[in-house]
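Pasting in a structure now, in structure tokens, and then I'll have a few things to ask.
The values are calculated or read from the model by the stated rules, or taken from the named source; none is laboratory data. Owing to the predicted nature of the structure, the values given are computational and were not obtained by experimental measurement. As a convention, Cβ positions derive from the backbone with ideal geometry for all residues, glycine included, and neighbour counts pool all protein chains shown.
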């Protein structure tokens, strides 16, 4: 069950597949510099509370989740003999790059024609993948990212560098999602999940960034539980 699939290894252009556009380092740096941190509501105490929450919930989640990862890892391996884990570069707070790991839910050649967002009833998704995406089981390995501090339990979902820069050109201000630490779940996830557009995602994430609070976090956590059990917003 060892090994992982790096989703960035195969990138080919094909007109049938909408792909992420390449962005040069100069453009990337200028976008990161323009992040508006004044939008962020919160204090040192709020950040401290969130870090404690992250550590506690990620540890509890890993204790519960490791057997689940093992079981579905075997099923993924049986289905197509490919790697169990999927590695992908994402952007964190301040534009800092890091890698997230997921249980692989797509075919090995999913990005043969370039990186693109998953669509409803996406043919690239495997049989096991449909279930683990619907229940969010594929996200469990990200608890390791939360434990070491790359991510938090709550915050805007981390996006890929090329998509972030592309969306920031098309939707000015998209890069402001990087003003806070990304999360496993967030206001956008419980208000549409994978089904919302980048514009809608930005709107919901900025709302959270401007209104961060303990009560809002509790609301998100409770609604996340509902999403996990109902599969709302999954692709």
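Kindly establish whether residue 166 is at pLDDT below 95, surrounded by 16 or more Cβ atoms within 10 Å (Cβ to Cβ) and touching a helix residue (DSSP H, G or I) at 6+ places or on another chain (Cβ under 8 Å).
Working: at pLDDT below 95: yes; surrounded by 16 or more Cβ atoms within 10 Å (Cβ to Cβ): yes; touching a helix residue (DSSP H, G or I) at 6+ places or on another chain (Cβ under 8 Å): no.
Against the criterion (at pLDDT below 95, surrounded by 16 or more Cβ atoms within 10 Å (Cβ to Cβ) and touching a helix residue (DSSP H, G or I) at 6+ places or on another chain (Cβ under 8 Å)), residue 166 does not qualify.
Follow-up question, since we're still on this one. In this structure, is residue 154 under 26 Å from residue 228 (Cα atoms) and either touching a helix residue (DSSP H, G or I) at 6+ places or on another chain (Cβ under 9 Å) or modelled with pLDDT under 95 (or both)?
Details: under 26 Å from residue 228 (Cα atoms): yes; either touching a helix residue (DSSP H, G or I) at 6+ places or on another chain (Cβ under 9 Å) or modelled with pLDDT under 95 (or both): yes.
Answer is yes for this residue.
Right, something else. Is it the case, given these coordinates, that residue 181 is touching a helix residue (DSSP H, G or I) at 6+ places or on another chain (Cβ under 9 Å) and without any contact (Cβ under 8 Å) to a residue 12 or more places away in the chain?
Details: touching a helix residue (DSSP H, G or I) at 6+ places or on another chain (Cβ under 9 Å): yes; without any contact (Cβ under 8 Å) to a residue 12 or more places away in the chain: no.
For residue 181, the condition - touching a helix residue (DSSP H, G or I) at 6+ places or on another chain (Cβ under 9 Å) and without any contact (Cβ under 8 Å) to a residue 12 or more places away in the chain - is not met.
Taking the conditions exactly as written (at pLDDT 90 or above, under 16 Å from the mean Cα position of the chain (by Cα) and farther than 22 Å from residue 140 by Cβ), does residue 216 satisfy them or not?
Working: at pLDDT 90 or above: yes; under 16 Å from the mean Cα position of the chain (by Cα): no; farther than 22 Å from residue 140 by Cβ: yes.
Here the answer is no, as residue 216 does not meet what is asked.
So, of the residues in segment 20-49 that are under 13 Å from residue 178 (Cα atoms) and in a loop (DSSP other than H, G, I, E, B), which turns out to be modelled with the lowest pLDDT?
Going through the qualifying residues, I end up with 34.
What residue, among those in segment 83-97 that are touching a residue at least 40 places away in the same chain (Cβ under 8 Å) and surrounded by fewer than 17 Cβ atoms within 10 Å (Cβ to Cβ), is nearest to the chain's Cα centre (by Cα)?
89
Within segment 63-74, restricting attention to residues that are over 19 Å from residue 222 (Cα atoms) and touching a residue at least 60 places away in the same chain (Cβ under 8 Å), which residue is surrounded by the most Cβ atoms within 10 Å (Cβ to Cβ)? Don't jump to the end; show me each part of the working.
To start, the set of residues in segment 63-74 that are over 19 Å from residue 222 (Cα atoms) comprises 63, 66-74.
Filter once more, so that each one left must be touching a residue at least 60 places away in the same chain (Cβ under 8 Å): 68-70, 72-74.
On the way: 68: 15, 69: 19, 70: 11, 72: 22, 73: 19, 74: 12.
Filtering segment 63-74 for residues that are over 19 Å from residue 222 (Cα atoms) and touching a residue at least 60 places away in the same chain (Cβ under 8 Å), the one surrounded by the most Cβ atoms within 10 Å (Cβ to Cβ) comes out as 72.
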